[in-house]
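First the structure, in the form of structure tokens, and then the observations on it.
The values are calculated or read from the model by the stated rules, or taken from the named source; none is laboratory data. The shown structure was predicted, so the numbers you read here are calculated from the model rather than taken from an experiment. Note that we place each Cβ from the backbone using ideal geometry, even for glycine, and neighbour counts take in every protein chain shown. We work out accessible area using only protein heavy atoms, side chains counted, and drop any ligands, DNA or RNA first. Shrake-Rupley method; radii C 1.70, N 1.55, O 1.52, S 1.80 Å.
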Amino acid sequence: MPNDEAGKASREKPTRRLRLVIAYDGSGFRGWQSQAHGDTVQDCLETAFANVTGPEIRVHGAGRTDSGVHALGQCAHAHVTAGLLAPAPLLAPPHAVPPPQPQSYVPATCRPPRAGKTLVHGSYPRFAAMIATSTFIMFFLMYQLVYEPDHLTFSVSRMLASLVMGAVMAVVMLGFMWSMYEGKGVKIAVLAGAALLGVILLLVNRSQTLIDDPRFMQAMIPHHSIAINHARQAYIRDPRVLQRAAGVLDLQGPQDHGEHL
């Protein structure tokens with residue numbers, strides 16, 4: 001029995017343990033670990049090894065990534081039979097004139113973009129449309145607590161408040177997605193412009209410069225309507241609070257303001 005084991009060991013080919021340091025854009029992959037569909041980083045590496053060595057090689061990762069996650073300096077290792085990764089099949093011979101194009105052993109689905117092709121970056125018009133759409137929606141959401149649909153009158157103050165929130169949103173979102181957009185100067189200009197616009201609109205709204213008699217009365221209708229909604233719908237048990245709520249219902253009817261318009 002010992003002789004059989006020694007003979008088997010002598011017939012086994014020596015292997016080399018290769019340390020791999022990998023960087024990749026994970027947008028086109030479904031994570032690291034091998035799966036049936038084959039669109040993973042591990043599958044692509046094992047296919048590349050098989051194209052070179054012939055026999056199936058198993059690649060072991062030191063960690064895993066999820067679908068769409070990038071990596072820089074990820075470590076892995078593989079056991080390869082000695083001699084299968086000789087330089088000859090991988091590198092062009094130095095004496096060749098002209099030097100032949102090096103072979104690519106990486107599957108086409110796993111290769112990085114060719115020269116001249118750039119990764120998709122954020123679009124500034126799309127960014128502006130996103131902020132404008134969000135601001136438009138926020139304006140109407142400010143009326144969500146109005147008691148009756150008839151009380152949905154236009155309010156300059158609410159419009160300015162929505163614009164302030166839109167400016168703040170532009171600053172926050174561009175800050176979080178800074179690397180997605182090209183042009184450092186353009187990004188700084190957009191960031192500074194949105195911040196300045198937000199401050200100006202906030203000061204204008206707080207000073208009530210644009211509010212005259214009709215606009216004041218229009219703004220009070222949804223304001224008092226929200227107060228009525230609170231007074232009617234809130235879960236109130238304290239007698240003192242109930243008295244205040246009753247006072248709101250008696251004195252802050254929006255229809256009283258509507259008669260002055």
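Return yes when I200 is part of a helix (DSSP H, G or I), among the β-branched types (V, I, T) and within 25 Å of I131 (Cβ to Cβ) and no when it is not.
Numbers: part of a helix (DSSP H, G or I): yes; among the β-branched types (V, I, T): yes; within 25 Å of I131 (Cβ to Cβ): yes.
Considered against the rule, which asks whether it is part of a helix (DSSP H, G or I), among the β-branched types (V, I, T) and within 25 Å of I131 (Cβ to Cβ), I200 comes out as yes.
Is it the case, given these coordinates, that R244 is in a helix (DSSP H, G or I), open to solvent by 80 Å² or more (accessible area, probe 1.4 Å) and at pLDDT 85 or above? When the stated conditions are applied, R244 does not pass them. Restricting the range 49-72 to residues that are at pLDDT 80 or above and under 15 Å from L18 (Cα atoms), which is least open to solvent (accessible area, probe 1.4 Å)? It comes out as V59.
Note on the range 34-44: residues that are over 27 Å from M180 (Cβ atoms) and either exposed (fewer than 14 other Cβ atoms within 10 Å of the Cβ) or in contact (Cβ under 8 Å) with a residue 60 or more places away in the chain (or both) amount to 3.
Step by step: first the residues of the range 1-20, then only those that are at pLDDT 50 or above and surrounded by 10 or more Cβ atoms within 10 Å (Cβ to Cβ), then the one that is farthest from G63 (Cα to Cα). Which residue is that? That would be T15. Just one residue in the set M180, M220 is modelled with pLDDT under 90 and either basic (K, R) or buried (at least 16 other Cβ atoms within 10 Å of the Cβ) (or both); that residue is M220.
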